[in-house]
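The values are calculated or read from the model by the stated rules, or taken from the named source; none is laboratory data. Computed from a predicted model, the values in this text were never measured in an experiment. Here Cβ is always computed from backbone atoms with ideal geometry, including for glycine, and neighbour counts include all displayed protein chains. Protein only, heavy atoms only, side chains kept; ligands, DNA and RNA dropped before computing areas. Shrake-Rupley method; radii C 1.70, N 1.55, O 1.52, S 1.80 Å.
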Amino acid sequence: MLADLTDEELLELEYDWDFWGRPAQLEPNGDWLTWLALAGRGFGKTGAGAKWVRRRVENGAMDIALVAETQKDLEEVMVPRLLAVHPEGERPVARFKPVRVTWPNGAVAHGYNGTEPNQLRGPEFDTAWVDELAKYRYARE
């Protein structure tokens, strides 16, 4: 089947999360505000989160919060994964210190870490990806 696809179709398929993702890794249908992927190591939660953010941006999200447990997790796990789920022509540009990810359509993701929970008081976003919340030192805050 793959041999019959054009190079363009193969590239499109490579980044098609509906094709590659397991049903439990895809966001649920319906009108919801919070989606929790409660699963163990190796499930693909981080990849699913990155692909969900990509889909949100494709559907009009413009202001995104990326929240990791630590600054290192933000810079070395979340941002690289987010960049990797985009084809080269659609890939956002990342800046560090502070973390900002900007898409070609003008959408911007701002990076935060869970070691400073008060930094999220005030800013407003239309999308937030909080990775590995269960391991945050200040999860309740």
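Using Cα pairs under 8 angstrom and six or more residues apart, how large is the relative contact order of the stretch 10-141, in percent?
For the stretch 10-141, the relative contact order is 28 percent.
If the cut-off is a Cα-Cα distance under 15 Å, which aspartates and glutamates reach LYS135, setting aside same-chain residues fewer than 8 apart in sequence?
GLU69, ASP73, GLU116
How much length is gained on full extension from TYR138 to LEU10, taking 0.36 nm per residue of separation minus their Cα-Cα distance?
Length difference between fully extended and current span is 41.8 nm.
If you build a Gaussian network model of the chain, linking Cα atoms that sit under 10 Å apart, which residue out of TRP32, TRP103, TRP20 swings the most?
Comparing TRP32, TRP103, TRP20 in the GNM, the peak value goes to TRP32.
Return the long-range amide H neighbours of THR127 (sequence gap of 5 or more, or a different chain), with a cut-off of under 5 Å between placed amide H atoms.
Result for THR127 returns ASP63, ALA65.
Report the percentage of all Cα-Cα pairs in the chain whose separation exceeds 27 Å, rounded to a whole percent.
Here the tail beyond 27 Å accounts for 21 percent of pairs.
How about the stretch 1-69: which trypsin sites (Lys or Arg not before Pro) there lie in a loop by DSSP and see at most 13 other Cβ atoms within 10 Å?
Filter output for the stretch 1-69: ARG41.
Given a Förster radius of 41 Å and the C-beta distance between LEU36 and ASN105 as r, what FRET efficiency does 1/(1 + (r/R0)^6) yield to the nearest 0.05?
The formula returns an efficiency of 0.90 here.
For a quick check, take a GNM of the chain with Cα springs below 10 Å and name the residue from ASP31, ASP126, ASP18 with the largest mean-square fluctuation.
The residue that fluctuates most here is ASP31.
Count neighbours as other Cβ atoms within 10 Å of each site's Cβ, and list the trypsin sites (Lys or Arg not before Pro) in the stretch 75-121 that are DSSP loop with at most 10 such neighbours.
Answer in residue order: ARG121.
Give me the percent of accessible area attributable to carbon and sulfur for the chain, probe 1.4 angstrom.
51 percent
Counting alpha carbon pairs within less than 8 Å and at least 6 residues apart, what relative contact order, in whole percent, applies to the stretch 68-141?
With pairs under 8 Å counted, the relative contact order is 34 percent.
Hey, what's the chain come to in accessible area per residue, 1.4 Å probe, Å²?
Dividing the accessible area of the chain by its residue count gives 65 Å².
Output the antiparallel fraction of DSSP beta bridges having both residues in the chain, as a percent to the nearest 5.
In the chain, approximately 40 percent of DSSP beta bridges are antiparallel ones.
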